[in-house]
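This report concerns only the one structure given below.
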């Protein structure tokens, strides 16, 4: 299934979920949870908490499916926002390091459009290597400004400025 | 208002998605999100920009119990069982139809139920739609609310329309609520929410904490 085709399928499922269709909800879960679970595992670094996060995320999806406005964002993007929000919230509450993840089962899901990936990579390269590291650490591990400053041995003000400028550069570059 | 500036909105949305928008700034931003639809679009746009970073992640199928929990909490698990019950009910209905048409009609009407639980997942109210206008509420246990506060039931439709269906009684036993009379909005298509409000009468829209949100289960 191509990214575009997958998105159309997911849109139909989400619309059905908004109308209370439980079979569609189960299918949406099967298609999207492996990707979201992987994201939750990376941010939370703990299987139990990633599972809690996933559960909360899908309960929210079930309740709020009607809020999705087709055409404005891809379904995976919409779902990712909900998941990241929950994962970052959990991280704030209790931050601790977990063990490495050993995935038992893998399920293939289409990759994102390679053009997007290339464009983002190209734009990330226009940032300095440490600025780029800063952005990637924040996105992948949900590090806060002070945590980033500690990790990169930089003053807090520098980290804040770097992030602000890097985001502005990325936005212009990706337009 | 400061937050109306597109540049500021965009910067906050970017840091929200990145995860560096923290603490009270994040809470303030999330409150604004409910009022400014433009913010949601900016968030989606930033998530789409960053998403390729997730591409190298290998998908991991979550353990089965995760879905079982979700299904149990949303009523999705019981679908197969209810279907089987549905078949039995249909057979019974056909038989009874020979006896009385009225009974036939009643049995054809599916029951719409919602169970409202407290934070300990204990059932507090069972709501049953009598018809499209009336709701039967059975109070199973008290929420032990302060005297000045009440629990208000809300109906929320997919198009954003929302209406109060009144105060959920704390007294044990059965109570009748009249559903809002809206021609375009079917109460059985609504999501139900319960919030804690300053009593005694429900405000025009929820102001207090939302305790519960759920959908009708069709039996």
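Residues considered: A:91, A:79. Of these, the only one that is closer than 16 Å to residue A:43 by Cβ, part of a helix (DSSP H, G or I) and either modelled with pLDDT under 90 or not assigned by TED's automatic domain parsing to the domain that holds residue A:12 (or both) is A:91.
Checked against (1) over 14 Å from the mean Cα position of the chain (by Cα); (2) facing chain B (nearest Cβ under 9 Å), residue A:78 passes all but condition (1). Considering segment A:136-148, the residues that are surrounded by 22 or more Cβ atoms within 10 Å (Cβ to Cβ) and assigned to a helix (DSSP H, G or I) include one that is nearest to the other protein chains (Cβ to nearest Cβ), namely A:138. Apart from one condition, residue A:20 fits all of (1) more than 8 Å from every other protein chain (Cβ to nearest Cβ); (2) not in a helix (DSSP H, G or I); the exception is (1).
Residues in segment B:1-11 that are free of Cβ contacts under 8 Å to residues at least 24 places away in the same chain and within 11 Å of another protein chain (Cβ to nearest Cβ): B:7, B:11. Taking the criterion of being over 17 Å from residue A:91 (Cβ atoms), within 10 Å of chain A (Cβ to nearest Cβ) and loosely packed, with under 14 Cβ neighbours inside 10 Å, the only residue of segment B:18-49 that qualifies is B:37. Screening the candidates A:51, A:11 for the property of being in a helix (DSSP H, G or I), out of contact with any strand residue (DSSP E or B) (no Cβ under 8 Å at 6 or more places or on another chain), at pLDDT 90 or above and surrounded by fewer than 18 Cβ atoms within 10 Å (Cβ to Cβ) yields one hit, A:11.
Out of all the residues in segment B:163-217, which are within 13 Å of chain A (Cβ to nearest Cβ) and in contact with a helix residue (DSSP H, G or I) (Cβ under 8 Å, 6 or more places away or on another chain)? Result: B:191, B:213, B:214, B:215, B:216. The residue of segment A:94-112 that is modelled with the lowest pLDDT, among those that are within 7 Å of chain B (Cβ to nearest Cβ) and more than 19 Å from residue B:51 (Cα to Cα), is A:105.
The values are calculated or read from the model by the stated rules, or taken from the named source; none is laboratory data. Small disclaimer: the values here were computed from a predicted structure and weren't measured. No Cβ is skipped: glycine too gets one built from the backbone with ideal geometry, and neighbour counts run over all protein chains shown.
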